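S.K.: Pasting a structure here, questions to come.
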Amino acid sequence: MQPILAVDNVSKLYRLGQIGTGTLSHDLNRWWANLRGKEDPYAKVGDMNDRSTRGDSKYVWALNDISFELNRGEVLGVIGRNGAGKSTLLKLLSKVTQPTGGNIYLNGNIASLLEVGTGFHPELTGRENIFLNGAILGMTKKDVRNRIDAIVDFAGIEKYLDTPVKRYSSGMYMRLAFAVAAHLEPDILIVDEVLAVGDAEFQKKCLGKMHDVAEGGRTVLFVSHNMQAINTLCTKGVLLDRGQLVYAGSAHEAIRIYQNEIHELTSSWKGESGDENAVMTETWVRTIGDDLFTDVPVEIGMKYTVKQPISNLVVGFHLKSQFDDMLAYILFDDYDEHPSDVTQPGMYEKRFVIPPDTLSKGNYYVQFDLGIHDVKRISFGHTDVSFYLINRSGKGCRFPVQDVKGYTSLFRPRWYQCGDHNE
């Protein structure tokens with residue numbers, strides 16, 4: 001099958017601090033090198049696109065040697081951190097700018113929604129801009145006229161249809177822009193992270209429309225930081241980092257690599273953290289049977305070594321949200337229930353399993369706690385792990401919390417399942 005879109009070793013070099021290509025001398029040097037069949041002399045000195053560090057060169061590779069293919073009817077999610085090169089890639093595909101090197105092969109017409117109101121003329125009315133965009137896509141007036149009622153109904157701006165779009169709010173602008181791009185039936189629809197402008201209801205409506213577009217056999221490129229939307233809509237994924245192609249393949253695998261490697265989420269720890277009483281040696285969090293999803297069990301575990309008999313040993317963990325909110329404090333050994341227990345020297349392992357459809361999507365952090373009640377903390381905050389979950393089932397919510405002894409806590413909740421192994 002011939003791909004509808006092929007990106008072949010595409011690169012884009014920018015000169016920092018300048019508008020345009022730079023100086024006349026640079027243009028002449030580039031022309032002379034090209035005339036002799038030589039490489040661009042300034043491409044050799046381009047820095048990697050790392051926005052957090054100051055480079056030595058005035059040139060930076062926004063994209064460097066990117067290659068992938070897309071077939072008709074596929075939905076591609078483009079993900080990566082801010083400054084990774086996502087928007088640059090879409091601008092190259094939309095022919096807003098030309099690549100410095102490589103080739104892009106297209107087999108169809110493209111509608112792009114790279115920012116609010118892309119392609120709109122502010123002095124024209126909403127109705128006139130609909131016909132203008134249709135003409136840009138090569139459609140006749142009759143074709144646009146047949147679709148205009150659906151476009152206006154989807155955008156929900158009928159009252160302002162004959163008002164110049166310069167008087168629209170950003171939300172109205174975006175509603176009409178997306179409605180036009182989605183309803184004029186391009187072969188390839190390119191959507192950047194502009195849906196964040198709309199309200200929650202319209203975002204849901206847009207995601208549903210993009211799903212319908214893909215179901216109709218057309219191709220969609222979607223850039224978003226919403227991993228839930230990427231996972232729901234996309235069949236393929238491209239992961240960019242600092243202008244480099246990290247991964248091209250399944251959307252699920254792209255998300256997994258992005259969360260675990262690019263964001264450096266640490267799902268396990270090994271080492272030694274403690275004192276002469278006890279030492280934490282290993283902590284982990286893992287999903288059971290599948291990866292990343294809210295509808296599979298999540299196991300949280302720890303290993304520690306007790307060096308001498310200890311009364312009132314505290315062993316547990318804090319579960320926190322991505323906003324550092326305390327969701328639960330779980331105790332493996334409850335000193336209130338067994339105040340006279342003495343933990344003997346040895347190696348111990350504790351496991352805690354949260355059933356499926358209990359947590360909602362998002363980042364979670366686990367702080368492990370090892371200490372002696374009312375005496376000291378032996379290890380805390382040095383063995384933390386984190387994980388990210390995606391909701392694919394539509395179920396699951398953060399569990400209810402109770403205020404117990406000053407903590408936002410759950411002691412022995414109904415979904416408590418703990419494995420206790422004394423080695």
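S.K.: Taking 60 Å as R0, compute the FRET efficiency from the Cβ-Cβ separation of residue 71 and residue 344 and round it to 0.05.
M.R.: Step by step, r from the Cβ atoms, then E = 0.45.
S.K.: I've got another one for you. Order the peptides 84-97, 297-310, 176-189, 201-214 from the highest to the lowest mean number of other Cβ atoms within 10 Å of their residues.
M.R.: Most protected by this proxy first, the peptides run 176-189, 84-97, 297-310, 201-214.
S.K.: With the crude spin-label approximation of a point 7 Å out along Cα→Cβ, what separation in nm comes out for residue 272 versus residue 29?
M.R.: The modelled label-to-label distance comes out at 5.6 nm.
S.K.: Something else now. Apply 1/(1 + (r/R0)^6) to the Cβ-Cβ distance of residue 169 and residue 104, taking R0 = 25 Å, and write down the FRET efficiency to the nearest 0.05.
M.R.: 0.10
S.K.: Right, next: By how many nm would the segment from residue 8 to residue 250 lengthen if fully extended, with 0.36 nm per residue of separation less the alpha-carbon distance?
M.R.: Extending this stretch completely gives an extra 85.2 nm.
S.K.: Something else about it: Need one number: nm distance between label points at residue 321 and residue 153, each 7 Å from Cα along Cα→Cβ, rounded to one decimal.
M.R.: The two pseudo-label positions are separated by 3.8 nm.
S.K.: Taking a threshold of 18 Å on the Cα-Cα distance, which of the pairs 270/303; 12/86; 303/350; 91/166; 141/166 fall above it?
M.R.: In this structure, 91/166; 141/166 exceed 18 Å between Cα atoms.
None of the figures in this text is laboratory data; all of them are computed from the coordinates on show. Since the structure is predicted, the reported quantities are computational estimates derived from the model, not experimental observations. Ideal geometry is used to build each Cβ from the backbone, glycine not excepted, and the neighbour counts take in all protein chains shown.
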